Amino acid sequence: MSVALQTYPCEHLVELDSEYTGPAATLNRLVFRATAAWLVLLADDDLLYPIHTQFLIEKAVATGADIVYSFADVIGQPPFPEKLLQPYDEQELRRINTIVGAPLIRRQLAVDLGGFDETRGPFCDWDFYLRALDAGAKIACVEQRTWLVRRLGDGNYSAGFRHPGQRA
């Protein structure tokens with residue numbers, strides 16, 4: 001529903017990992033199925049505020065960035081590390097994944113990089129950002145909270161939330 005409420009028109013693709021192939025394989029199916037110039041990656045348990053896509057597209061156009069992310073509001077436990085809500089710093093991103101989620105990614109960049117590395121497991125997004133940087137991609141941050149992370153349980157952002165029929 002939060003995608004449908006975006007102020008910027010979106011192509012909305014959904015992929016259920018019913019074969020348990022992992023996050024990278026699931027993302028790759030979406031990347032190569034999409035036809036839009038930009039991708040916004042969103043976990044099923046998080047929500048975009050209506051201005052999310054518009055703000056990120058505007059930042060990409062203004063800065064020439066290939067990847068744009070924003071800050072998020074966070075609900076749940078355990079506490080969310082505030083250091084993940086700081087302005088973009090390339091060296092910090094090379095040290096720790098500071099892009100929490102819901103980034104805008106130029107689709108052609110994802111295609112050129114061969115998508116997400118399926119051997120990187122839960123670190124496939126961070127690996128993607130590092131490969132993008134190494135390929136000369138530009139990353140920018142919208143320093144506003146434009147989406148919501150729902151975080152419960154053991155420290156994983158989506159722990160406690162499952163697709164219907166997903167194994168426990």
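The values are calculated or read from the model by the stated rules, or taken from the named source; none is laboratory data. Just so it is clear, the model here is predicted, and its values are computed rather than measured. Cβ coordinates were reconstructed from backbone atoms using ideal geometry, including for glycine residues, and neighbour counts include every protein chain displayed. Remember, those area values only see protein heavy atoms, side chains included, never the ligands or the DNA or RNA. Shrake-Rupley method; radii C 1.70, N 1.55, O 1.52, S 1.80 Å.
What to note about this one:
- For the peptides 135-142, 50-57, 104-111, the ranking by mean Cβ contacts within 10 Å, running from highest to lowest, is 50-57, 104-111, 135-142.
- Across the accessible surface of the stretch 1-93, with the other protein chains kept in place and a 1.4 Å probe, carbon and sulfur atoms take up 60 percent.
- For the stretch 34-85, the residue among 77, 56, 34 whose Cα projects farthest onto the positive side of the dipole built from Cβ charges is 56.
- Rounded to the nearest Hz, the phi-derived 3J(HN,Hα) couplings of the stretch 32-45 under the Karplus curve 6.51 cos²θ - 1.76 cosθ + 1.60 (θ = phi - 60°) are 7, 8, 5, 10, 6, 6, 10, 10, 10, 8, 9, 6, 5, 9, where x marks glycine and proline.
- Over the stretch 19-128 - Rg/Rh using Cα atoms and the Kirkwood inverse-distance radius: 0.94
- This model, with +1 at the C-beta of Lys and Arg and -1 at the C-beta of Asp and Glu, gives the chain a dipole about its Cα centre of some 80 debye.
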